[in-house]
Every structure is written in C-alpha cells, then in structure tokens.
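Every number in this text was worked out from the coordinates using simple rules, so none of it is lab data. From a predicted model like this one, the values you see are computed outputs, not experimental measurements. Cβ placement follows ideal geometry from the backbone for every residue including glycine, while neighbour counts extend to all protein chains displayed.
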Amino acid sequence: MLKVHFVANTRAGRIIWLLEELSLEYEVNIMPFSKEGLKSDEHRARHALGRVPVLEDGEVSIFESGAIIEYILARYKDGGLKPKVDSPEFPFYLQWFHYCEGMVMPPMNQIVIQTIILPPDRRDKNVLLQAQKLLTKALIPVNKNLADKDYLIGDFSAADLMLGHACFMSNRMGCVTDEMTHIKTYVDRISARPAFKKAIELK
C-alpha cells in the first residue's frame, strides 16, 4: 500500500489531495513539524534533508511533491489528470505545473522562514516584506489566466494540485490581494472539493 510521510500545512498536502481525488488506498504517517520528527535518523533515511512529503510504494521511496504526483499518475492513473501530449492544453499544463515551484514557492518559502522557522530575534522585516511582494507579483499571471477558466487549463488537472495548493496557501498568508478576484474564486472552488478538504484538514 502507498504510504505518505506527512506534516500538516506543507507540500505533503498535495499528495493526500491527489490520493483522495483518485480514491486510492494509502497509509499516512503524520509527523510533527519539529526537529525531533523531521530531523530524526529514521526520517533522514527517507529524506537526507529531513523534508516532506516522502512516498513509499513497496520498494520504492521517493520525495519531491511534483515527482510524487507524476509517479502516482503514471503508475496508478495511466497518465490521468493531465491532457494528452497532442492536446492544445498540454503545453499550458506543463507551464502551470512547473510555475508553482519555479515562481510561487521560493518567496513563499522565505515567508515561512521569516514568520515560523527563525526565532524572533533572527527575523528580518525587510526580507519578509520583499518576499510578500514577490509572491503577490508572481500570482498576477495566475489571476489573469483564471479570468475565463474554472481551473488552470480549463478542466481540473494535476497542475491544480501543484499551483492550486500554492494559491490556497498564498491566500491564507494574505498575499492574494482583493483585486485578484479570479484567484479568490479559484481558491473557493478548490476549497469546496471534498478531496481537498480531507487533505487540508489532516493534522
């Protein structure tokens, strides 16, 4: 059975969301967001940097949320939740799938570092403000793209698992401005999906 090593409010939520969307059976190892949990010898054997998610599938153990999503779709959904290679939507599927980690997550990571990970005496307000501005700026093209679509490429796809999750977290962080009405509606639409609710509420 598939096993997900999970910490709440992290990219690991994408994997639970996917598994719920596909109605696949899985086990979940809910870990604390702490040095004792993530930096333990046991978990470092799964991921040398002590990060999540990690997926175990029999003898296979892999990390990186995007890679895990691609793996599950290839092994268990016959390439589903993504357009065919010859589809007009395929290039844009790839674009938004990778836009998430390339443009949205770097400033989000910095926000987490400056608000949660670093102790108060080591936090830099200027670094935080710059990261917040960069995150909001990175979301502008996403908002524009969603002007005439329910999901990133029209139909729900794995690109939404990646970037949609990031939009939800960005909104929670207050970095989706009131003017970004299309992202606001998109986040509401995602939040109403039962599979997403299961993933985001898992603690």
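Let me know the whole percent of all Cα-Cα pairs from the range 3-42 that are separated by more than 14 Å. Pairs farther apart than 14 Å: 49 percent. Of the DSSP H helices in the chain, those that are both long (alpha-carbon extent of 27 Å or more along the helix axis) and hydrophobic (Kyte-Doolittle mean at least -1.0) are 125-145.
When GLU21, GLU70 are sorted by how many other C-beta atoms sit within 10 angstrom of their C-beta, beginning with the fewest, the order is GLU70, GLU21.
For the pair ILE140 and ASP155 in one chain, pulling the backbone fully straight at 0.36 nm per residue adds 3.3 nm over the alpha carbon distance.
Here the chain is treated with +1 on each Lys and Arg Cβ and -1 on each Asp and Glu Cβ, and its dipole about the Cα centre works out to around 680 debye.
Only one residue of LEU81, GLN110, GLN95 has its Cα farthest out toward the positive end of the dipole of the range 1-152, where Lys and Arg carry +1 and Asp and Glu -1 on Cβ, and that residue is GLN110. Reducing the range 46-63 and the range 99-148 to their Cα centroids gives an inter-centroid distance of 26 Å. Between the residues ILE72, ASN29, GLY50, the greatest Cα displacement towards the positive end of the dipole of the range 2-81, with unit charges on the Cβ of Lys, Arg, Asp and Glu, is found for GLY50.
The Cα atoms of the chain cover 48, 48, 26 Å along the three principal axes, with the biggest extent listed first. In the chain, Cα pairs under 8 Å separated by at least six residues give a relative contact order of 23 percent.
Residues TYR93, TYR186, ranked from the fewest to the most other C-beta atoms within 10 Å, line up as TYR93, TYR186. Along its principal axes, the range 2-81 has C-alpha extents of 37, 24, 19 angstrom, given from the largest down. When Rg and the Kirkwood radius Rh are both evaluated on Cα atoms of the range 90-193, their ratio Rg/Rh stands at 1.00.
P(r) tail for the range 29-137: Cα pairs beyond 25 Å make up 43% of the total.
The DSSP beta bridges internal to the chain are antiparallel in roughly 65% of cases.
For the residue pairs LYS133/LYS184; LYS35/LYS198; LYS3/LYS39; LYS125/LYS203, the C-alpha atoms sit more than 23 angstrom apart in LYS35/LYS198; LYS125/LYS203.
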